[in-house]
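The values are calculated or read from the model by the stated rules, or taken from the named source; none is laboratory data. Nothing here was measured: the structure is a model prediction, and the numbers come from that model. Note: ideal-geometry Cβ built from the backbone for every residue, glycine included; neighbour counts use all protein chains shown.
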Amino acid sequence: MSILKTLTDTTFDSVEGYRRAADKANSPALKAILTEQATKREALVTRMNAELERRGEPLVTKGTAAGKMHQLWVEVTNLFENGDEAATERVEEGEDYLAAKFEEALKMDDLDIDCRPIIEAAYREVKEGERLADMLEKQYD
């Protein structure tokens, strides 16, 4: 599996994470922010999928098993936590994880030269999401 496919898989999981967090949030303002982030992240997946398609690789159309397991864990922990606080904490954790995956990929010596600009552009968007998640977590903590 290519690194671009792996990153697209993980980015798709983040779309689902934002959607679930928006569902769990109590604050209408927080719900709106998280829904908007899910939409932005979905657009990023679409762009990454376009590159996968150009390369003849299979498109990402569903979440990974690891993502589903994490979401199940989130569901269980959310039963015992405040909706807004739990939603922002889970989003922040997910964004840190996703950013780390992109950072690892960009450090690879054998990263395809044609793939690097796509991953770099996606990483910039992921870092914006990570900064937003950090701000939200501080606000709702």
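Summary of values
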read-out	value
Qualifying positions in segment 98-109 - surrounded by 17 or more Cβ atoms within 10 Å (Cβ to Cβ) and either closer than 15 Å to ILE33 by Cα or without any contact (Cβ under 8 Å) to a residue 60 or more places away in the chain (or both)	ALA99
Output for segment 1-24, where each listed residue is among the small types (Gly, Ala, Ser) and either buried (at least 24 other Cβ atoms within 10 Å of the Cβ) or under 10 Å from ALA38 (Cα atoms) (or both)	SER14, GLY17, ALA21, ALA22
Qualifying position, being in contact with a helix residue (DSSP H, G or I) (Cβ under 7 Å, 6 or more places away or on another chain) and either surrounded by fewer than 20 Cβ atoms within 10 Å (Cβ to Cβ) or modelled with pLDDT of 90 or more (or both), among ASP134, ASP112, ASP84	ASP134
Any hit, segment 17-31, residues being in a helix (DSSP H, G or I) and within 10 Å of the chain's Cα centre (by Cα)	yes
Cβ pairs under 6 Å, 6+ apart, first in segment 114-141 and within 18 Å of ALA21 (Cβ to Cβ) and in contact (Cβ under 8 Å) with a residue 40 or more places away in the chain, second aliphatic (A, V, I, L, M) and in a helix (DSSP H, G or I)	GLU125/LEU44; VAL126/LEU98; VAL126/ALA99; ALA133/VAL91
Qualifying residue in segment 86-95 (condition: of a type in the set (A, V, I, L, M, F, W, C), in a helix (DSSP H, G or I) and more than 15 Å from the chain's Cα centre (by Cα))	yes
Every residue from segment 45-76 that is assigned to a helix (DSSP H, G or I), at pLDDT below 90 and in contact with a helix residue (DSSP H, G or I) (Cβ under 7 Å, 6 or more places away or on another chain)	GLY67, GLN71, VAL74
